[in-house]
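Input: a single structure, listed below in structure tokens.
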Amino acid sequence: MRLATIRSNQGTFAARVETDTTAVKIEGYANVGDLLQESNWEEIAAGAQGETIEFAQTDLEAVVPAPNKIVCVGLNYANHIKEMGRNLPEHPTLFVKFPDALTGPFDDVLVPEYANAELDWEGELAVIIGKRARRVKAADANDYIAGYAVMNDYTMRDYQYRTLQWHSGKSFEKSAGFGPWMTTKDSFTFGGELATYLEDEKMQTTPTDDLVFGPQALVEYISHIYPLDAGDVIVTGTPGGVGHARDPKRYIGDGQVVKVEIEGLGYVANKTVFE
């Protein structure tokens, strides 16, 4: 099952996606995050008999527009860690992204003049939590995962490396396309290709099972620090092939489209617009 947050003239609403252009409205819920607050959200979504609507790609909002928490994981793909000249970590490297950073999966990303010099691509798998998880064991973690989506994590490298804390380069306003929808865990097979394209050139490619810390391990680790709530998002990290690690370095230019596709989840594609 695929669930999306769709825009309309009356606001947004949660919907069950039937095809890539049609969906059934889930009455009473403004977005997927709101729906996930219900303990029986799967039953509600599967049984929805609301209006069938057609939608365009640009009608899609960030699938969970305002999570309470967005927890990001740095250096979590083995090939990316090696290209950055580091050793495999013993524990996940965590940092936060604020909900203000999220935008629709096909929205333009507007980049201010002062932050466009070292703009990099990072395609990522996002894990969406389905119920409160506190001190969960990895063996039980799948019970707390609602589903998966794609994150287009634009990164301002100059801001990222101004200090030892990465957050400032990772949370610019409306810089992360998120969606196109949530694919529930029962409809997704982990381990397929994650690919990132700059225009038509493939920049990143790796199977998602190259993750050092997979979704279940991350739920365990993070939920032993603080609880994860329904609608919270874990952004699991990016594979090798980023522009900053190339020789010579390569960055995103004005007007260029960054597309991130994960097998079984669909794709997001954001046009870069320098302000």
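The values are calculated or read from the model by the stated rules, or taken from the named source; none is laboratory data. Fair warning: this is a prediction, and the values are worked out from it, not measured in the lab. Positions of Cβ are generated from backbone atoms using ideal geometry, with glycine treated the same way; all protein chains shown enter the neighbour counts.
For first residues located in the stretch 155-176 and closer than 17 Å to GLY237 by Cβ, partners that are part of a loop (DSSP other than H, G, I, E, B) and among the small types (Gly, Ala, Ser) and lie 6+ apart or on another chain with Cβ distances below 9 Å form the pairs THR155/SER175; ARG157/ALA117; ALA176/ALA62. Only a single item in (1) touching a residue at least 40 places away in the same chain (Cβ under 8 Å); (2) over 21 Å from the mean Cα position of the chain (by Cα) is not met by THR103, and it is number (2). Would you check if ALA4 is within 27 Å of PHE98 (Cα to Cα) and in the same structural domain as ASP186 (by TED's automatic domain parsing)? No.
Residues in the stretch 149-165 that are within 17 Å of LEU198 (Cα to Cα) and in a loop (DSSP other than H, G, I, E, B): 1 in all. Would you point out the residue of the stretch 116-166, among those that are of a type in the set (Gly, Ala, Ser) and within 16 Å of CYS72 (Cα to Cα), that is surrounded by the most Cβ atoms within 10 Å (Cβ to Cβ)? Ranking the qualifying residues of the stretch 116-166, first place goes to ALA149.
Under 7 Å by Cβ, and 6 or more places apart or on different chains, what pairs join a residue from the stretch 249-275 that is assigned to a strand (DSSP E or B) with one that is at pLDDT below 95 and surrounded by 15 or more Cβ atoms within 10 Å (Cβ to Cβ)? Within 7 Å, the pairs are ILE262/THR208.
Of note, HIS224 does not satisfy the criterion of being out of contact with any Asp or Glu (no Cβ under 6 Å at 6 or more places or on another chain), at pLDDT below 95 and either aromatic (Phe, Trp, Tyr) or surrounded by fewer than 24 Cβ atoms within 10 Å (Cβ to Cβ) (or both). So for the stretch 44-58 (the condition being modelled with pLDDT of 95 or more, outside the structural domain of GLY264 (by TED's automatic domain parsing) and on the phi > 0 side of the Ramachandran plot), does at least one residue qualify? No, the stretch 44-58 contains no residue that is modelled with pLDDT of 95 or more, outside the structural domain of GLY264 (by TED's automatic domain parsing) and on the phi > 0 side of the Ramachandran plot. As a summary of the residue check, SER223 satisfies the conditions (1) over 17 Å from the mean Cα position of the chain (by Cα); (2) under 23 Å from ALA195 (Cβ atoms) except for the one numbered (2). Taken residue by residue, the stretch 21-30 has no member that is out of contact with any helix residue (DSSP H, G or I) (no Cβ under 7 Å at 6 or more places or on another chain), in contact (Cβ under 8 Å) with a residue 40 or more places away in the chain and not assigned by TED's automatic domain parsing to the domain that holds ASN68.
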